[in-house]
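These notes concern the structure reproduced below.
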Amino acid sequence: MTVIETAIQDLVIIEPTIHGDNRGYFLETYNARDYSQHGLTMTFVQDNESSSKRGVLRGLHFQTANAQGKLVRVVKGEIFDVAVDLRKDSATFGQWESVMLCENNKKLFYIPEGFAHGFVVTSDTAVVQYKCTNYYSPQFESGIIWNDPTLNIPWPIFNVCLSEKDKHHQTFNEFISS
């Protein structure tokens with residue numbers, strides 16, 4: 001596997017080694033020993049999966065306590081995936097990184113604790129799987145509005161489909177003030 005560092009410390013893109021032949025392919029999406037050789041020593045406690053249609057935007061989500069690190073991958077379709085650094089003591093606080101994840105490139109995106117996470121589906125449908133380092137805690141659930149003008153994320157789809165909850169998230173400036 002290849003680990004690609006981003007401009008934001010601790011946020012990485014992982015390209016797994018793919019073994020393919022005329023039957024198809026095989027790959028390891030997670031191997032604790034291999035990950036630890038790259039300094040990725042997280043422990044996962046929960047696996048999640050979502051299915052969404054084109055234009056569905058989920059995020060930008062985070063937990064105010066019991067923060068979750070996430071290892072995100074797409075098993076069907078394609079998404080534009082985004083992580084925003086919310087670590088107030090970080091040199092990259094308020095910066096974001098994006099990556100296209102799809103069934104063809106098989107990349108994974110590791111988003112550590114202290115980040116907001118969101119994605120929009122750019123294919124007809126997408127199935128997204130992610131491993132979490134902490135359990136979902138609805139009492140600590142929060143978010144930042146997807147089209148925040150301060151973050152200015154260039155989402156590739158503007159006519160998005162949002163949950164009611166995601167329509168009413170705070171702005172980045174409101175998060176800073178809280």
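The values are calculated or read from the model by the stated rules, or taken from the named source; none is laboratory data. None of these values were measured; they are calculated from a predicted model. Here the Cβ is made from the backbone with ideal geometry for all residues, glycine too, and neighbour counts use every protein chain on show. SASA here: full protein model, heavy atoms, side chains in, ligands and nucleic acids out. Shrake-Rupley method; radii C 1.70, N 1.55, O 1.52, S 1.80 Å.
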So which of ASP81, ASP89 ends up being of a type in the set (Asp, Glu), part of a strand (DSSP E or B) and either open to solvent by 20 Å² or more (accessible area, probe 1.4 Å) or under 23 Å from ILE176 (Cα atoms) (or both)?
-> ASP81
Could you check, for region 17-33, whether at least one of its residues is at negative phi, aromatic (Phe, Trp, Tyr), free of Cβ contacts under 8 Å to residues at least 60 places away in the same chain and not in a loop (DSSP other than H, G, I, E, B)?
-> yes
Listed by first then second residue, the pairs whose first member lies in region 126-147 and is touching a residue at least 40 places away in the same chain (Cβ under 8 Å), whose partner is of a type in the set (Phe, Trp, Tyr) and part of a strand (DSSP E or B), with beta carbons under 7 Å and at least 6 positions apart or on separate chains, are VAL128/PHE119; SER142/PHE62; GLY143/PHE62
Looking only at region 138-178, which residues are within 20 Å of LYS88 (Cβ to Cβ), exposed (fewer than 14 other Cβ atoms within 10 Å of the Cβ) and among the hydrophobic types (A, V, I, L, M, F, W, C)?
-> ILE176
Among the residues of region 62-78, the number that are touching a Lys or Arg at 6+ places or on another chain (Cβ under 9 Å) and either open to solvent by less than 50 Å² (accessible area, probe 1.4 Å) or more than 17 Å from LYS106 (Cα to Cα) (or both) is 6
Which condition does MET1 not pass, out of (1) in contact (Cβ under 8 Å) with a residue 12 or more places away in the chain; (2) more than 28 Å from GLY94 (Cβ to Cβ); (3) open to solvent by less than 40 Å² (accessible area, probe 1.4 Å); (4) not acidic (Asp, Glu), if it passes all the others?
-> (3)
Residues within region 130-151 that are part of a strand (DSSP E or B) and either out of contact with any Leu (no Cβ under 9 Å at 6 or more places or on another chain) or at pLDDT below 95 (or both), tallied = 2
Would you tally the residues in region 94-118 being at negative phi, part of a loop (DSSP other than H, G, I, E, B) and open to solvent by less than 60 Å² (accessible area, probe 1.4 Å)?
-> 3
